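Student: The structure's right below; bear with me while I get my questions together.
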Amino acid sequence: MDVEAYLNDRGQLVDAALEKWLPPAGEPPAQLHAAMRHLVFPGGKRVRPALAFAGCEAVGSAPDRALPVAVAVELVHTYSLIHDDLPCMDDDVERRGRPTVHVAYGEATALLAGDALLTAAFEVLAAARPEHPAERVLAAISDLAQASGSRQLVGGQVDDLAVGSDADASAIESIHRRKTAALIAAAVVGGARLGGAPARDLERLQVFGERVGVAFQITDDLLDREEDAGCSLATLLGPEAARDRAEALLSDALTDVEPLGAPADPLRELARFAVRRRR
Ligand code: GRG
């Protein structure tokens, strides 16, 4: 499978849906709506939406059934990046080669744009009914709320901000699991939920998503993003050992989804891409 082509094709699908869901930039309050769109278009790699589509495909359903989850996770991801860039967090002036949202629109508008994107994610999921059965939609909403909440994404960020130089590998991986992997797992599992996966497959995909998510973050640190060097396995163990750990997580993740057979091939390829990528 050509992973770049998969990301590109699925990226177009999710871009069209994001375009439909987000208010036009000129709609009042125009400053807010333009700020909400600033980091959504153009987007990044759209890895999380692709994982949602592939999760759905892995359980034998048509990938586009996962569209509401694909849009929702990208909205949460974008909100988290906007807030992460704020002066009170990482204080970054540039992301994806463009000014960050607070540089372009001011700090208050950036904060509120992030809030509105997070809220929009749940609006999108709730609207997946009646096309999808209510119990699947509710379960996907619950998964995403938990993955974005104080025990996962936000809690991981809090611990990341506070982490000291004495943090060991398991403390670092715990932060990766909450801050990065929970949302990645919610993408895979949410896609599979909308595809009608049975409980045993959802459990497998949850473990798969968490392992791939931690490995994704290790790779991100190895790519030398402007990450907090204090919370990096590459800093603690050195790049070779960190790379080995990412590969071991990938190998275990691939074992997790063996029972799903050939329909999970796109998921496997995306996992390899996430861990071995150069961007
Ligand atoms: C919730 C208050 C609050 C802040 C957000 C969790 C968090 C705090 C921010 C996340 C920011 C961050 C750098 C997380 C690490 C995850 C990660 C590797 C992000 C980059 O993801 P890519 O590579 O980005 O998918 P693109 O640009 O391709 O979308």
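Student: For V76, are the conditions met, namely being in contact with a strand residue (DSSP E or B) (Cβ under 8 Å, 6 or more places away or on another chain) and either open to solvent by 30 Å² or more (accessible area, probe 1.4 Å) or modelled with pLDDT of 95 or more (or both)?
Tutor: No: the conditions fail for V76.
Student: Something else now. Please state which of the following conditions F122 fails to meet, knowing it meets all the rest: (1) within 12 Å of the ligand (Cβ to nearest atom); (2) open to solvent by less than 70 Å² (accessible area, probe 1.4 Å); (3) in a helix (DSSP H, G or I).
Tutor: (1)
Student: Also, quick follow-up: If D265 satisfies all but one of (1) among the acidic types (D, E); (2) more than 16 Å from the ligand (Cβ to nearest atom); (3) open to solvent by less than 50 Å² (accessible area, probe 1.4 Å), what's the number of the condition it fails?
Tutor: (3)
Student: How many residues does the range 29-66 contain that are in a helix (DSSP H, G or I), in contact (Cβ under 8 Å) with a residue 60 or more places away in the chain, open to solvent by 40 Å² or more (accessible area, probe 1.4 Å) and over 26 Å from G114 (Cβ atoms)?
Tutor: The total comes to 2.
Student: On the given criteria, is G26 within 16 Å of the ligand (Cβ to nearest atom) and assigned to a loop (DSSP other than H, G, I, E, B)?
Tutor: Details: within 16 Å of the ligand (Cβ to nearest atom): no; assigned to a loop (DSSP other than H, G, I, E, B): yes.
Answer is no for this residue.
Student: Further question on the same structure: Could you tell me which numbered condition L144 fails, if it satisfies all but one of (1) in a loop (DSSP other than H, G, I, E, B); (2) of a type in the set (A, V, I, L, M, F, W, C); (3) within 19 Å of the chain's Cα centre (by Cα)?
Tutor: Evaluating L144 over (1) in a loop (DSSP other than H, G, I, E, B); (2) of a type in the set (A, V, I, L, M, F, W, C); (3) within 19 Å of the chain's Cα centre (by Cα) leaves (1) as the failure.
Student: Quick one: A187 ticks every box in (1) away from the ligand (no atom under 11 Å from the Cβ); (2) touching a residue at least 60 places away in the same chain (Cβ under 8 Å); (3) hydrophobic (A, V, I, L, M, F, W, C) except a single one, so which number is it?
Tutor: (1)
The values are calculated or read from the model by the stated rules, or taken from the named source; none is laboratory data. None of the values given here were measured: they were computed from a predicted structure. Quick reminder, even Gly has a Cβ in these numbers, built from the backbone with ideal geometry, and neighbours come from all protein chains shown. Protein only, heavy atoms only, side chains kept; ligands, DNA and RNA dropped before computing areas. Shrake-Rupley method; radii C 1.70, N 1.55, O 1.52, S 1.80 Å.
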